[in-house]
1. Just for the range 181-212: of the residues that are touching a residue at least 24 places away in the same chain (Cβ under 8 Å) and part of a loop (DSSP other than H, G, I, E, B), which one is farthest from residue 257 (Cα to Cα)?
2. Scan the range 236-248 for residues that are at negative phi and modelled with pLDDT of 90 or more and jot them down.
3. Out of all the residues in the range 213-252, which are farther than 18 Å from residue 115 by Cβ and without any contact (Cβ under 8 Å) to a residue 12 or more places away in the chain?
4. Do you know which of the residues in the range 220-277 that are assigned to a helix (DSSP H, G or I) and of a type in the set (S, T, N, Q) is surrounded by the most Cβ atoms within 10 Å (Cβ to Cβ)?
5. Can you find a residue in the range 58-78 that is more than 19 Å from the chain's Cα centre (by Cα) and part of a helix (DSSP H, G or I)?
6. Would it be correct to say that residue 211 is under 25 Å from residue 120 (Cα atoms) and either under 23 Å from the mean Cα position of the chain (by Cα) or hydroxyl-bearing (Ser, Thr, Tyr) (or both)?
7. Surrounded by fewer than 18 Cβ atoms within 10 Å (Cβ to Cβ) and either closer than 15 Å to residue 34 by Cβ or assigned by TED's automatic domain parsing to the domain that holds residue 15 (or both), is that true of residue 91?
Amino acid sequence: MDPPGLPPGLASALDGRLNGCRAVKVQCLLSDSDAGEIMESRLPGGLAARGRLARYGGFRHGEFEVSDGGEPRGTLHTVQAGDELYAATGDGAEFFSRHASRIIRCLHPRVLPAAVSSETMLKILQDYEKGAGRRLSPAEYVKKKAFGAGLRTERAWYPRGEAGDRGTVGEVFGDAKNNGGYVSSVRVFSGSESSPDLDLSVSRRGLVSVYAGTFKSVFAWLLRPMARDGIESRAMFSKRSRKETPGRKPRPLLVDFGAGVFRNGRVRKKFSRIMEKYPNCGYSVMHEGNPHTYIAVLDRNDLSSFSVRTMGDDRLLITPQIKCSAASLMRFSEFLTASFREGRISDYAEAAPGSARE
């Protein structure tokens with residue numbers, strides 16, 4: 001059975017506007033605020049957006065012409081249903097990176113990328129194969145080598161097998177994991193490689209670039225599952241500040257890397273140096289070296305604060321302080337994955353019963 005998708009009128013409107021484009025970039029986002037109001041009131045200096053909003057059932061569609069003080073640079077579409085928000089453009093990678101993504105970044109913390117783990121990204125792709133009845137073949141991938149020997153990024157075309165095919169998406173993710181890394185993004189296609197009926201790339205940060213295929217099917221099978229996973233993740237990060245907990249007791253998060261990454265003293269010190277690069281924050285290193293590294297962080301975006309402490313050789317404990325928003329914790333978890341290593345994040349009380357003490 002097909003997953004719930006866009007209303008036919010909205011799907012037709014988007015496909016009619018975007019299908020003629022060489023590539024369509026869609027960013028999967030989370031927001032509990034009205035996208036139209038945000039777009040018209042909180043843009044970075046020099047950018048302006050003018051457009052209109054229309055309702056289709058439970059969805060709101062916005063079509064905004066974006067300019068930087070001169071001629072219009074492109075059009076940004078928004079689709080919103082509840083906390084789900086999608087921003088799409090067919091006006092090229094340069095417009096997306098220089099204008100659309102700049103707008104999205106400035107809307108933090110009211111608008112957040114719906115980032116997913118590499119494990120979830122694989123599941124979504126495999127669910128598409130099962131539900132749509134189409135095999136996805138990997139073409140190109142970006143793999144990140146987990147920190148230890150040094151964080152490295154590798155971009156390559158996935159090699160053909162002896163039979164001349166590209167293998168399976170499971171093999172791409174399995175190869176990365178077996179070599180101590182994870183897949184950051186992957187380009188896949190179905191049908192003929194020279195004339196595919198679906199051709200797109202998917203990234204962990206909820207960005208989908210569509211080269212062939214309809215917005216309707218991409219939304220139903222890929223974007224909406226990512227948004228819903230993001231909403232679940234946000235729920236896990238929510239209500240952890242001490243002013244929101246009974247007796248102001250801490251509600252820490254545990255990050256399990258599944259490997260003894262902190263066994264090496266050099267890595268512990270390097271982790272502190274990586275933390276120095278965390279944007280728009282203040283920090284203080286309370287302890288560095290044996291047996292633990294302990295860092296206090298202040299997020300200047302919304303003045304959230306939390307501490308980060310190594311636990312044993314393979315885990316980190318993140319302990320929110322009096323004020324700490326879900327947006328701040330989600331931003332930090334994404335920085336941790338992109339700059340250090342991907343880990344499994346869970347509630348500390350569930351993963352290790354008991355209480356954490358500062």
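1. 193
2. Our first condition is that a residue be at negative phi; within the range 236-248, this holds for 236-238, 240-246.
If the condition is that a residue be at negative phi and modelled with pLDDT of 90 or more, then 236, 237, 238, 240, 241, 242, 243 are the ones that fit.
3. 244, 245, 246, 247
4. Residues of the range 220-277 assigned to a helix (DSSP H, G or I): 220-237, 242-244, 246-248, 261-263, 265-275.
Now narrow it down to the ones that are of a type in the set (S, T, N, Q): 233, 272.
Numbers: 233: 22, 272: 17.
Among those residues, the one meeting the criterion is 233.
5. Checking the range 58-78: not a single residue is more than 19 Å from the chain's Cα centre (by Cα) and part of a helix (DSSP H, G or I).
6. Numbers: under 25 Å from residue 120 (Cα atoms): yes; either under 23 Å from the mean Cα position of the chain (by Cα) or hydroxyl-bearing (Ser, Thr, Tyr) (or both): yes.
Spelling it out, residue 211 is indeed under 25 Å from residue 120 (Cα atoms) and either under 23 Å from the mean Cα position of the chain (by Cα) or hydroxyl-bearing (Ser, Thr, Tyr) (or both).
7. Working: surrounded by fewer than 18 Cβ atoms within 10 Å (Cβ to Cβ): no; either closer than 15 Å to residue 34 by Cβ or assigned by TED's automatic domain parsing to the domain that holds residue 15 (or both): yes.
In short, no.
Let's see how each residue does on (1) modelled with pLDDT of 85 or more; (2) assigned to a helix (DSSP H, G or I):
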position: 9; (1), (2): yes, yes
position: 14; (1), (2): yes, yes
position: 27; (1), (2): yes, no
position: 33; (1), (2): no, no
position: 37; (1), (2): no, yes
position: 44; (1), (2): no, no
position: 51; (1), (2): yes, no
position: 55; (1), (2): yes, no
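The values are calculated or read from the model by the stated rules, or taken from the named source; none is laboratory data. Keep in mind that what you see is a predicted model, and the values were worked out from it rather than measured. Quick reminder, even Gly has a Cβ in these numbers, built from the backbone with ideal geometry, and neighbours come from all protein chains shown.
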